[in-house]
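Asker: Let me begin by handing over the structure; questions about it come next.
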Amino acid sequence: MNTYHFTIVVRDARSDLADLEDRFFEAGCDDALLCSYNDTVYLEFDREADDAVTAIRSALNDIRKLGYQDLIVEEQGFSTLSEMAERASLSRQVLSLYALNKRGDGNFPKPMYGLSSKSAMYSWPEVATWLFNQGKLDKVHYEVASALV
């Protein structure tokens, strides 16, 4: 059994965090830290399970018990190089060199959008797969990013 770290954004949650904390705990999210940023509620999980899909699905089901439906698994979406570097425990500079194909096998995933802005966005599942294949990301992080829920 492994411990999987992932974040679920609960976009339709709007309430007092103290009240929400008790409700999420009682629904089975006792392995999550309840957080809020700019009125957006999210839970950071450290869930034990046999595999990433089971861990994420069980967390989503626990949240849905409370009636929330607008849920996003952060690790299955788009991220900046800075966010991905933090997830992979790499420096932003190293990940930039990979993205510029100055390191690695030269096949770093292409940005998904944001080309006109200063921070291009990349598919974290694609980058996680590339990093895992390069030996730069551990299996547990790779499993979370590649879990289709």
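Asker: In sequence order, what are the phi-derived ³J(HN,Hα) couplings for region 27-33 according to the Karplus relation 6.51 cos²θ - 1.76 cosθ + 1.60 with θ = phi - 60°, rounded to whole Hz, with x for glycine and proline?
Answerer: 7, x, 8, 6, 9, 10, 9
Asker: Let me ask another. Please give the direction-averaged projected area of the C-alpha convex hull for the chain, in square nanometres with one decimal.
Answerer: If you wrap the Cα atoms of the chain in a convex hull and average its projections, you get 9.3 nm².
Asker: Can you give the net charge of the other residues whose Cβ lies under 12 Å from the Cβ of E48, counting K and R as +1 and D and E as -1?
Answerer: -4
Asker: I'd like the distance between the alpha-carbon centres of region 26-47 and region 49-68, rounded to an integer number of Å.
Answerer: First find each Cα centre; the distance between them is then 12 Å.
Asker: Of T40, G135, V9, which is farthest on the positive side of the dipole of region 5-149, counting Cα position, with +1 on Lys and Arg Cβ, -1 on Asp and Glu Cβ, and the Cα centre as origin?
Answerer: The one lying farthest along the dipole's positive direction is G135.
Asker: Counting other Cβ atoms within 10 Å, keep those with at most 11, restrict to DSSP loop, and tell me which trypsin sites (Lys or Arg not before Pro) in region 1-38 are left.
Answerer: Sites meeting the loop and neighbour criteria: R14.
Asker: Another one. Hey, rough spin-label estimate for T54 and R23, points 7 angstrom out along Cα→Cβ, what's it come to in nanometres?
Answerer: 3.0 nm
Asker: Something else: Going by alpha carbons, how many degrees (0 to 90, nearest 10) lie between the helix axis of 52-64 and the longest principal axis of the chain?
Answerer: 40 degrees
Asker: Report, in deg cm²/dmol and to the nearest 500, the calculated mean residue ellipticity at 222 nm for the chain, where each DSSP H run with n ≥ 4 adds -39500 (n - 2.57) and the sum is divided by the residue count.
Answerer: -11000 deg cm²/dmol
Asker: Something else about it: Going by average Cβ neighbours within 10 Å, how do the peptides 124-132, 74-82, 87-95 rank, with the highest at the top?
Answerer: 124-132, 74-82, 87-95
Read-outs: derived from the displayed coordinates by stated rules, not from any lab. Worth saying up front: this structure is predicted, and the values here are computed from it rather than measured. All Cβ positions, even for glycine, are placed from backbone atoms using ideal geometry, and neighbour counts span all protein chains on display.
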